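See structure below.
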Amino acid sequence: MPKIIRLSEFQYEIPIFAINKDFDGFYVQFLKTDLGKIYLSTPFSELGQSFKLKGSKKGTHCYFSPKGKIALMMLKNYYGCSDKKLIELLNGNIFMQFFCDILIPIDKPLTNFKIVSQIRMELSKGLNIRRSQEVLAKNWIPYMKDLDKMFTDATCYESEVRFPTNQKLLWECVQWNYRQMESLCRTLKIKLPRTKYLDWCRRYNEYSKKRKKQSKYRTKVTRGLLKLLYKLNGALGQIENQYPFESTAKYKRQRSIIAKVYRQQAQVFKTGKSVPDRIVSISKSYIRPIVRGKETKQVEFGAKVNKVQIDGINFIEHIQYHAFNEGTRLQSSVSCAQNLTKTKIKILGADAIYATNKNRTFTSSRKIQTDFIRKGKAGKNEEQRIILAREIKKERSTRLEGSFGKEKEHYNLKKIKAKTQKSEILWIFFGIHTANALEIGKRINSSRFKNSAA
(Lines give C-alpha, C1' and ligand atoms only; values in the text may rest on other atoms or scores of the structure.)
Protein backbone atom coordinates (compact mmCIF):
# COMPACT_ATOMS: atom_id res chain seq x y z
CA MET A 1 0.00 0.00 0.00
CA PRO A 2 1.28 3.47 -0.83
CA LYS A 3 1.95 5.77 2.08
CA ILE A 4 -0.77 8.44 2.54
CA ILE A 5 0.01 11.96 3.68
CA ARG A 6 -3.09 13.81 4.95
CA LEU A 7 -3.14 17.57 4.69
CA SER A 8 -5.70 18.99 7.09
CA GLU A 9 -5.90 22.31 5.27
CA PHE A 10 -6.89 20.90 1.87
CA GLN A 11 -8.03 17.34 2.72
CA TYR A 12 -6.10 15.88 -0.23
CA GLU A 13 -4.56 12.42 -0.35
CA ILE A 14 -1.09 12.29 -1.99
CA PRO A 15 0.38 8.85 -2.71
CA ILE A 16 4.18 8.67 -2.26
CA PHE A 17 5.63 5.67 -4.13
CA ALA A 18 8.87 4.00 -3.14
CA ILE A 19 11.42 5.00 -5.78
CA ASN A 20 13.69 2.01 -5.06
CA LYS A 21 10.90 -0.38 -5.99
CA ASP A 22 10.23 1.19 -9.40
CA PHE A 23 13.80 2.32 -10.12
CA ASP A 24 14.28 0.24 -13.29
CA GLY A 25 10.90 1.30 -14.61
CA PHE A 26 11.71 4.97 -14.05
CA TYR A 27 15.02 4.56 -15.88
CA VAL A 28 13.37 2.88 -18.89
CA GLN A 29 10.85 5.71 -19.08
CA PHE A 30 13.67 8.26 -18.77
CA LEU A 31 15.46 6.85 -21.83
CA LYS A 32 12.29 7.33 -23.90
CA THR A 33 12.11 11.05 -23.18
CA ASP A 34 13.95 13.81 -25.08
CA LEU A 35 16.21 14.21 -22.05
CA GLY A 36 17.06 10.51 -22.29
CA LYS A 37 17.88 10.89 -25.98
CA ILE A 38 20.32 13.70 -25.16
CA TYR A 39 21.80 11.43 -22.47
CA LEU A 40 22.33 8.55 -24.91
CA SER A 41 23.96 10.72 -27.60
CA THR A 42 26.38 12.66 -25.36
CA PRO A 43 29.85 11.14 -24.72
CA PHE A 44 30.11 12.46 -21.15
CA SER A 45 33.33 10.67 -20.19
CA GLU A 46 35.31 11.77 -23.27
CA LEU A 47 33.85 15.27 -23.05
CA GLY A 48 34.92 15.48 -19.40
CA GLN A 49 38.46 14.57 -20.45
CA SER A 50 38.43 17.36 -23.05
CA PHE A 51 37.56 19.78 -20.22
CA LYS A 52 40.32 18.16 -18.11
CA LEU A 53 37.85 17.43 -15.32
CA LYS A 54 38.88 15.07 -12.53
CA GLY A 55 37.09 13.71 -9.50
CA SER A 56 38.06 15.31 -6.18
CA LYS A 57 40.43 13.00 -4.26
CA LYS A 58 41.53 15.53 -1.65
CA GLY A 59 39.70 18.33 0.13
CA THR A 60 35.96 18.91 0.02
CA HIS A 61 34.07 16.33 -2.02
CA CYS A 62 32.08 17.85 -4.91
CA TYR A 63 28.44 16.81 -5.07
CA PHE A 64 28.60 16.41 -8.87
CA SER A 65 30.96 14.09 -10.75
CA PRO A 66 32.73 15.35 -13.92
CA LYS A 67 29.92 13.73 -15.91
CA GLY A 68 27.32 15.42 -13.69
CA LYS A 69 28.90 18.85 -14.14
CA ILE A 70 28.62 18.67 -17.94
CA ALA A 71 25.09 17.28 -17.65
CA LEU A 72 24.06 20.15 -15.35
CA MET A 73 25.21 22.72 -17.93
CA MET A 74 23.19 20.94 -20.62
CA LEU A 75 20.14 20.94 -18.35
CA LYS A 76 20.54 24.69 -17.90
CA ASN A 77 20.20 25.27 -21.66
CA TYR A 78 17.55 22.59 -22.15
CA TYR A 79 15.14 23.94 -19.52
CA GLY A 80 16.09 27.63 -19.90
CA CYS A 81 15.44 28.52 -16.26
CA SER A 82 17.39 30.35 -13.57
CA ASP A 83 20.06 28.63 -11.47
CA LYS A 84 17.76 28.61 -8.43
CA LYS A 85 14.86 27.15 -10.36
CA LEU A 86 17.15 24.53 -11.91
CA ILE A 87 18.21 23.24 -8.48
CA GLU A 88 14.59 23.19 -7.30
CA LEU A 89 13.61 21.11 -10.34
CA LEU A 90 16.61 18.81 -9.86
CA ASN A 91 15.59 18.06 -6.26
CA GLY A 92 12.16 16.82 -7.28
CA ASN A 93 12.72 15.31 -10.75
CA ILE A 94 14.09 11.76 -10.89
CA PHE A 95 14.72 12.03 -14.67
CA MET A 96 16.98 15.06 -14.17
CA GLN A 97 18.84 13.16 -11.45
CA PHE A 98 19.36 10.23 -13.83
CA PHE A 99 20.73 12.69 -16.37
CA CYS A 100 23.19 14.19 -13.86
CA ASP A 101 24.24 10.77 -12.53
CA ILE A 102 23.16 11.52 -8.95
CA LEU A 103 20.39 10.51 -6.57
CA ILE A 104 19.35 13.25 -4.15
CA PRO A 105 17.84 12.03 -0.84
CA ILE A 106 14.34 13.34 -0.15
CA ASP A 107 15.32 14.44 3.34
CA LYS A 108 18.55 16.15 2.20
CA PRO A 109 17.78 18.26 -0.89
CA LEU A 110 20.28 20.58 -2.54
CA THR A 111 19.88 24.14 -1.27
CA ASN A 112 22.98 25.91 -2.60
CA PHE A 113 21.87 27.07 -6.05
CA LYS A 114 25.17 28.95 -6.48
CA ILE A 115 26.79 25.61 -7.24
CA VAL A 116 25.51 26.02 -10.82
CA SER A 117 27.50 29.23 -11.38
CA GLN A 118 30.53 27.71 -9.61
CA ILE A 119 30.50 24.74 -12.00
CA ARG A 120 29.98 27.09 -14.95
CA MET A 121 33.08 29.07 -13.98
CA GLU A 122 35.09 25.85 -13.52
CA LEU A 123 34.11 24.49 -16.93
CA SER A 124 34.64 27.83 -18.68
CA LYS A 125 38.32 27.78 -17.65
CA GLY A 126 38.84 24.36 -19.24
CA LEU A 127 36.80 24.86 -22.41
CA ASN A 128 38.65 24.23 -25.66
CA ILE A 129 36.03 24.47 -28.41
CA ARG A 130 38.07 22.70 -31.08
CA ARG A 131 39.06 19.78 -28.83
CA SER A 132 35.53 19.31 -27.45
CA GLN A 133 33.90 19.48 -30.89
CA GLU A 134 36.29 16.83 -32.21
CA VAL A 135 35.12 14.52 -29.40
CA LEU A 136 31.46 15.17 -30.22
CA ALA A 137 31.94 14.81 -33.99
CA LYS A 138 33.79 11.49 -33.56
CA ASN A 139 30.79 10.04 -31.68
CA TRP A 140 28.11 11.60 -33.89
CA ILE A 141 29.50 10.89 -37.38
CA PRO A 142 28.08 7.29 -37.52
CA TYR A 143 24.59 8.88 -37.34
CA MET A 144 25.29 11.59 -39.93
CA LYS A 145 25.10 11.40 -43.71
CA ASP A 146 26.12 13.66 -46.63
CA LEU A 147 29.41 14.46 -44.91
CA ASP A 148 30.72 16.01 -48.15
CA LYS A 149 28.06 18.75 -47.99
CA MET A 150 28.27 21.75 -45.64
CA PHE A 151 26.60 25.10 -45.02
CA THR A 152 28.10 28.12 -43.27
CA ASP A 153 26.76 31.41 -41.93
CA ALA A 154 27.22 33.77 -38.99
CA THR A 155 24.81 34.90 -36.30
CA CYS A 156 24.94 37.00 -33.13
CA TYR A 157 24.05 35.67 -29.67
CA GLU A 158 23.11 38.73 -27.64
CA SER A 159 24.26 39.30 -24.08
CA GLU A 160 21.80 40.52 -21.48
CA VAL A 161 22.67 44.24 -21.24
CA ARG A 162 20.46 47.30 -21.27
CA PHE A 163 20.52 49.30 -24.50
CA PRO A 164 23.65 51.47 -24.09
CA THR A 165 22.99 55.15 -24.76
CA ASN A 166 25.83 57.58 -23.99
CA GLN A 167 23.86 59.11 -21.11
CA LYS A 168 23.13 55.72 -19.46
CA LEU A 169 26.76 54.67 -19.73
CA LEU A 170 28.04 57.91 -18.22
CA TRP A 171 25.52 57.74 -15.40
CA GLU A 172 26.60 54.18 -14.56
CA CYS A 173 30.21 55.34 -14.37
CA VAL A 174 29.22 58.27 -12.12
CA GLN A 175 27.25 55.99 -9.80
CA TRP A 176 30.08 53.46 -9.50
CA ASN A 177 32.65 56.17 -8.76
CA TYR A 178 30.47 57.85 -6.13
CA ARG A 179 29.70 54.59 -4.33
CA GLN A 180 33.37 53.65 -4.24
CA MET A 181 34.23 57.11 -2.92
CA GLU A 182 31.59 56.80 -0.17
CA SER A 183 32.90 53.37 0.82
CA LEU A 184 36.53 54.53 0.90
CA CYS A 185 35.75 57.63 2.96
CA ARG A 186 33.76 55.51 5.43
CA THR A 187 36.60 52.97 5.72
CA LEU A 188 39.38 55.57 5.96
CA LYS A 189 37.24 57.80 8.25
CA ILE A 190 37.74 60.93 6.17
CA LYS A 191 35.36 63.61 4.99
CA LEU A 192 33.46 62.92 1.76
CA PRO A 193 34.52 65.39 -0.97
CA ARG A 194 31.85 67.82 -2.12
CA THR A 195 30.25 66.98 -5.47
CA LYS A 196 27.01 67.69 -7.29
CA TYR A 197 26.06 64.03 -7.34
CA LEU A 198 22.81 64.45 -5.37
CA ASP A 199 21.70 67.30 -7.64
CA TRP A 200 22.45 65.13 -10.64
CA CYS A 201 20.42 62.26 -9.20
CA ARG A 202 17.35 64.48 -9.40
CA ARG A 203 18.26 65.92 -12.81
CA TYR A 204 19.00 62.54 -14.37
CA ASN A 205 15.76 61.03 -13.01
CA GLU A 206 13.82 63.88 -14.57
CA TYR A 207 15.65 63.37 -17.87
CA SER A 208 15.15 59.59 -17.89
CA LYS A 209 11.37 60.00 -17.38
CA LYS A 210 11.02 62.13 -20.49
CA ARG A 211 9.21 60.20 -23.19
CA LYS A 212 10.93 62.05 -26.00
CA LYS A 213 14.50 63.04 -25.28
CA GLN A 214 15.24 65.93 -27.60
CA SER A 215 18.75 66.64 -28.86
CA LYS A 216 19.22 69.77 -26.73
CA TYR A 217 18.39 67.84 -23.55
CA ARG A 218 20.71 64.98 -24.49
CA THR A 219 23.54 67.47 -25.10
CA LYS A 220 23.01 69.21 -21.74
CA VAL A 221 22.89 65.95 -19.80
CA THR A 222 25.95 64.51 -21.58
CA ARG A 223 28.01 67.67 -20.98
CA GLY A 224 27.05 67.77 -17.29
CA LEU A 225 27.75 64.05 -16.72
CA LEU A 226 31.14 64.33 -18.41
CA LYS A 227 32.09 67.18 -16.07
CA LEU A 228 30.82 65.29 -13.01
CA LEU A 229 32.63 62.08 -14.04
CA TYR A 230 35.86 64.04 -14.56
CA LYS A 231 35.56 65.50 -11.07
CA LEU A 232 34.79 62.13 -9.46
CA ASN A 233 37.73 60.49 -11.25
CA GLY A 234 39.99 63.24 -9.90
CA ALA A 235 38.58 62.97 -6.36
CA LEU A 236 39.09 59.18 -6.32
CA GLY A 237 42.62 59.57 -7.65
CA GLN A 238 43.40 62.13 -4.93
CA ILE A 239 42.15 59.77 -2.20
CA GLU A 240 44.23 56.93 -3.62
CA ASN A 241 47.38 59.11 -3.60
CA GLN A 242 46.92 60.66 -0.14
CA TYR A 243 45.67 57.55 1.66
CA PRO A 244 47.45 54.49 0.28
CA PHE A 245 45.36 51.34 0.66
CA GLU A 246 45.46 47.84 -0.77
CA SER A 247 42.99 47.80 -3.67
CA THR A 248 41.70 44.64 -5.33
CA ALA A 249 42.42 43.66 -8.93
CA LYS A 250 38.71 44.07 -9.71
CA TYR A 251 38.76 47.66 -8.38
CA LYS A 252 41.83 48.56 -10.47
CA ARG A 253 40.33 46.98 -13.58
CA GLN A 254 37.05 48.85 -13.14
CA ARG A 255 38.85 52.15 -12.58
CA SER A 256 40.78 51.72 -15.83
CA ILE A 257 37.58 50.82 -17.69
CA ILE A 258 35.80 53.94 -16.45
CA ALA A 259 38.81 56.12 -17.33
CA LYS A 260 38.69 54.69 -20.87
CA VAL A 261 34.93 55.29 -21.06
CA TYR A 262 35.47 58.94 -20.11
CA ARG A 263 38.09 59.42 -22.84
CA GLN A 264 35.90 57.76 -25.45
CA GLN A 265 32.74 59.65 -24.50
CA ALA A 266 34.58 62.98 -24.36
CA GLN A 267 35.88 62.36 -27.89
CA VAL A 268 32.44 61.35 -29.15
CA PHE A 269 30.89 64.46 -27.58
CA LYS A 270 33.57 66.70 -29.07
CA THR A 271 33.72 65.25 -32.60
CA GLY A 272 30.27 63.69 -33.00
CA LYS A 273 31.87 60.53 -34.46
CA SER A 274 32.19 57.03 -33.08
CA VAL A 275 35.50 55.72 -31.74
CA PRO A 276 37.18 52.34 -32.30
CA ASP A 277 36.97 49.62 -29.64
CA ARG A 278 34.05 51.41 -28.02
CA ILE A 279 32.94 50.22 -24.57
CA VAL A 280 29.16 49.92 -24.18
CA SER A 281 28.92 48.37 -20.70
CA ILE A 282 31.17 48.79 -17.65
CA SER A 283 30.07 45.43 -16.21
CA LYS A 284 30.78 43.64 -19.53
CA SER A 285 33.55 45.72 -21.03
CA TYR A 286 34.38 43.01 -23.62
CA ILE A 287 31.09 43.53 -25.49
CA ARG A 288 31.18 45.64 -28.65
CA PRO A 289 28.36 46.93 -30.87
CA ILE A 290 27.88 44.69 -33.92
CA VAL A 291 26.01 46.29 -36.81
CA ARG A 292 23.83 43.63 -38.43
CA GLY A 293 21.64 45.82 -40.66
CA LYS A 294 18.39 44.03 -39.83
CA GLU A 295 15.08 45.82 -40.22
CA THR A 296 13.99 45.26 -36.62
CA LYS A 297 17.42 45.47 -34.99
CA GLN A 298 20.20 47.49 -36.57
CA VAL A 299 22.77 46.85 -33.83
CA GLU A 300 23.28 43.82 -31.58
CA PHE A 301 25.46 43.47 -28.50
CA GLY A 302 27.01 40.07 -27.95
CA ALA A 303 29.15 37.34 -29.44
CA LYS A 304 29.28 36.90 -33.21
CA VAL A 305 29.62 33.24 -34.19
CA ASN A 306 30.55 31.79 -37.57
CA LYS A 307 29.04 28.31 -37.75
CA VAL A 308 29.39 25.24 -39.94
CA GLN A 309 26.45 22.87 -40.45
CA ILE A 310 26.80 19.27 -41.63
CA ASP A 311 23.60 17.24 -42.03
CA GLY A 312 21.71 19.53 -39.67
CA ILE A 313 24.39 19.43 -36.94
CA ASN A 314 26.01 22.78 -36.10
CA PHE A 315 29.61 23.36 -35.09
CA ILE A 316 31.35 26.59 -34.00
CA GLU A 317 34.06 27.65 -36.44
CA HIS A 318 34.86 31.05 -34.92
CA ILE A 319 33.49 33.10 -32.04
CA GLN A 320 34.43 36.69 -31.25
CA TYR A 321 32.96 39.73 -29.48
CA HIS A 322 34.34 42.19 -32.04
CA ALA A 323 32.60 42.55 -35.39
CA PHE A 324 34.28 40.58 -38.18
CA ASN A 325 33.53 39.90 -41.83
CA GLU A 326 32.41 36.28 -42.04
CA GLY A 327 33.09 36.30 -45.80
CA THR A 328 36.81 36.05 -45.08
CA ARG A 329 36.34 32.81 -43.11
CA LEU A 330 35.06 30.50 -45.86
CA GLN A 331 38.39 28.72 -46.31
CA SER A 332 38.78 28.14 -42.57
CA SER A 333 35.14 26.92 -42.45
CA VAL A 334 35.86 24.29 -45.12
CA SER A 335 39.01 23.27 -43.24
CA CYS A 336 37.03 23.03 -39.97
CA ALA A 337 34.36 20.80 -41.55
CA GLN A 338 36.94 18.52 -43.18
CA ASN A 339 38.89 18.15 -39.92
CA LEU A 340 35.73 17.18 -38.03
CA THR A 341 34.38 14.69 -40.58
CA LYS A 342 37.65 13.54 -42.22
CA THR A 343 35.78 13.91 -45.54
CA LYS A 344 36.51 16.20 -48.48
CA ILE A 345 33.82 18.85 -49.04
CA LYS A 346 32.18 18.74 -52.47
CA ILE A 347 29.04 20.89 -51.99
CA LEU A 348 28.96 24.20 -50.10
CA GLY A 349 26.09 26.58 -49.31
CA ALA A 350 26.80 30.10 -48.06
CA ASP A 351 25.33 33.60 -48.04
CA ALA A 352 26.10 36.17 -50.75
CA ILE A 353 28.69 37.86 -48.50
CA TYR A 354 30.92 34.79 -48.91
CA ALA A 355 30.93 35.05 -52.73
CA THR A 356 34.17 37.04 -53.07
CA ASN A 357 36.63 36.52 -55.92
CA LYS A 358 39.09 34.89 -53.51
CA ASN A 359 36.48 32.42 -52.27
CA ARG A 360 35.29 31.68 -55.83
CA THR A 361 38.87 30.84 -56.85
CA PHE A 362 39.26 28.66 -53.74
CA THR A 363 36.08 26.64 -54.37
CA SER A 364 36.75 26.30 -58.12
CA SER A 365 40.30 25.04 -57.58
CA ARG A 366 38.98 22.33 -55.23
CA LYS A 367 35.96 21.49 -57.43
CA ILE A 368 33.45 22.49 -54.73
CA GLN A 369 29.91 23.17 -56.00
CA THR A 370 28.37 26.33 -54.49
CA ASP A 371 25.16 28.35 -54.66
CA PHE A 372 27.00 31.58 -55.57
CA ILE A 373 25.55 33.74 -58.33
CA ARG A 374 27.43 33.04 -61.57
CA LYS A 375 29.96 35.54 -62.89
CA GLY A 376 30.95 35.60 -66.57
CA LYS A 377 29.64 33.43 -69.39
CA ALA A 378 27.46 30.40 -68.84
CA GLY A 379 29.13 27.00 -69.09
CA LYS A 380 27.98 23.83 -70.83
CA ASN A 381 26.11 22.49 -67.79
CA GLU A 382 24.42 25.77 -66.83
CA GLU A 383 20.95 24.25 -66.38
CA GLN A 384 22.24 21.59 -64.01
CA ARG A 385 24.26 24.22 -62.10
CA ILE A 386 21.17 26.41 -61.66
CA ILE A 387 19.11 23.46 -60.34
CA LEU A 388 21.86 22.43 -57.90
CA ALA A 389 22.38 26.02 -56.70
CA ARG A 390 18.63 26.39 -56.11
CA GLU A 391 18.51 23.21 -54.03
CA ILE A 392 21.57 24.23 -52.01
CA LYS A 393 20.13 27.69 -51.32
CA LYS A 394 16.76 26.24 -50.29
CA GLU A 395 18.31 23.76 -47.87
CA ARG A 396 20.66 26.37 -46.41
CA SER A 397 17.87 28.88 -45.78
CA THR A 398 15.62 26.30 -44.12
CA ARG A 399 17.99 24.09 -42.14
CA LEU A 400 20.85 26.41 -41.20
CA GLU A 401 19.00 29.68 -40.66
CA GLY A 402 16.11 27.80 -39.07
CA SER A 403 18.50 26.25 -36.56
CA PHE A 404 19.57 29.74 -35.43
CA GLY A 405 16.03 30.59 -34.36
CA LYS A 406 15.48 27.17 -32.77
CA GLU A 407 18.57 27.49 -30.60
CA LYS A 408 17.71 31.01 -29.50
CA GLU A 409 14.08 30.29 -28.70
CA HIS A 410 14.30 26.77 -27.22
CA TYR A 411 17.85 26.39 -25.89
CA ASN A 412 18.27 29.52 -23.78
CA LEU A 413 20.40 31.46 -26.30
CA LYS A 414 18.08 34.42 -26.91
CA LYS A 415 19.79 36.41 -24.15
CA ILE A 416 23.04 35.18 -22.60
CA LYS A 417 22.79 35.91 -18.87
CA ALA A 418 26.29 34.84 -17.81
CA LYS A 419 28.47 37.46 -16.12
CA THR A 420 31.91 36.91 -17.67
CA GLN A 421 33.25 36.47 -21.19
CA LYS A 422 34.43 32.87 -20.68
CA SER A 423 31.18 31.77 -19.06
CA GLU A 424 29.19 33.39 -21.90
CA ILE A 425 31.17 31.39 -24.47
CA LEU A 426 30.55 28.21 -22.43
CA TRP A 427 26.81 29.06 -22.31
CA ILE A 428 26.74 29.39 -26.13
CA PHE A 429 28.75 26.18 -26.60
CA PHE A 430 26.36 24.07 -24.52
CA GLY A 431 23.27 25.70 -26.04
CA ILE A 432 24.37 24.78 -29.58
CA HIS A 433 25.47 21.25 -28.74
CA THR A 434 22.47 20.44 -26.53
CA ALA A 435 20.32 21.04 -29.61
CA ASN A 436 22.70 18.84 -31.63
CA ALA A 437 22.62 16.08 -28.99
CA LEU A 438 18.82 15.90 -29.09
CA GLU A 439 18.85 15.60 -32.89
CA ILE A 440 21.47 12.83 -32.77
CA GLY A 441 19.57 11.12 -29.94
CA LYS A 442 16.43 10.98 -32.09
CA ARG A 443 18.46 9.39 -34.90
CA ILE A 444 19.93 6.81 -32.50
CA ASN A 445 16.44 5.99 -31.25
CA SER A 446 15.02 5.61 -34.76
CA SER A 447 17.93 3.40 -35.88
CA ARG A 448 17.41 1.14 -32.86
CA PHE A 449 13.70 0.93 -33.65
CA LYS A 450 14.45 -0.08 -37.26
CA ASN A 451 16.93 -2.73 -36.11
CA SER A 452 14.46 -4.20 -33.61
CA ALA A 453 11.69 -4.20 -36.23
CA ALA A 454 13.94 -5.97 -38.71
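The values are calculated or read from the model by the stated rules, or taken from the named source; none is laboratory data. Quick caveat: nothing in here was measured; it's all calculated off a predicted structure. Quick reminder, even Gly has a Cβ in these numbers, built from the backbone with ideal geometry, and neighbours come from all protein chains shown. Ligands, DNA and RNA are excluded from the accessible area calculation, which covers all protein heavy atoms including side chains. Shrake-Rupley method; radii C 1.70, N 1.55, O 1.52, S 1.80 Å.
Worth a mention:
- The set of residues from the stretch 77-94 being over 20 Å from GLY431 (Cα atoms) and in contact with a helix residue (DSSP H, G or I) (Cβ under 8 Å, 6 or more places away or on another chain) comprises just one member, ILE94.
- Residues of the stretch 419-441 that are under 15 Å from ASN139 (Cβ atoms) and of a type outside the set (Val, Ile, Thr): HIS433, ASN436, ALA437, LEU438, GLU439, GLY441.
- Condition met for THR398 (in a helix (DSSP H, G or I) and surrounded by fewer than 13 Cβ atoms within 10 Å (Cβ to Cβ)): yes
- The listed residue being surrounded by fewer than 17 Cβ atoms within 10 Å (Cβ to Cβ), on the phi < 0 side of the Ramachandran plot and among the aliphatic types (A, V, I, L, M), out of ILE425, ILE387, ILE392: ILE387
- Subset of the stretch 434-448 [open to solvent by less than 10 Å² (accessible area, probe 1.4 Å) and of a type outside the set (Ser, Thr, Tyr)]: ALA435, ASN436, ALA437, ILE440, GLY441
- Flag for ILE347 being touching a Lys or Arg at 6+ places or on another chain (Cβ under 8 Å), open to solvent by less than 20 Å² (accessible area, probe 1.4 Å), closer than 30 Å to VAL135 by Cβ and of a type outside the set (Lys, Arg): no
- Residue count for the stretch 101-115, restricted to those that are closer than 16 Å to MET73 by Cα and acidic (Asp, Glu): 1
- Applying a threshold of 7 Å to beta carbon distances and a minimum spacing of six or more residues, or different chains, the list of pairs starting in the stretch 335-355 at a residue that is of a type in the set (Phe, Trp, Tyr) and ending at one that is open to solvent by less than 40 Å² (accessible area, probe 1.4 Å) and not in a strand (DSSP E or B) reads TYR354/GLY327; TYR354/LEU330.
- Qualifying residue in the stretch 349-371 (condition: of a type in the set (Lys, Arg), out of contact with any Leu (no Cβ under 9 Å at 6 or more places or on another chain), outside any helix (DSSP H, G or I) and at positive phi): yes
- In the stretch 142-173, residue surrounded by the fewest Cβ atoms within 10 Å (Cβ to Cβ) [restricted to those that are touching a Ser or Thr at 6+ places or on another chain (Cβ under 6 Å) and of a type in the set (A, V, I, L, M, F, W, C)]: VAL161
- Residue match in the stretch 364-374 (condition: more than 18 Å from ASP146 (Cα to Cα) and open to solvent by less than 60 Å² (accessible area, probe 1.4 Å)): yes
- Condition check for GLY379 on (1) part of a helix (DSSP H, G or I); (2) open to solvent by less than 90 Å² (accessible area, probe 1.4 Å): one failure, at (1).
- Residue, most open to solvent (accessible area, probe 1.4 Å), within the stretch 74-131, restricted to residues that are part of a loop (DSSP other than H, G, I, E, B) and among the basic types (Lys, Arg): LYS108
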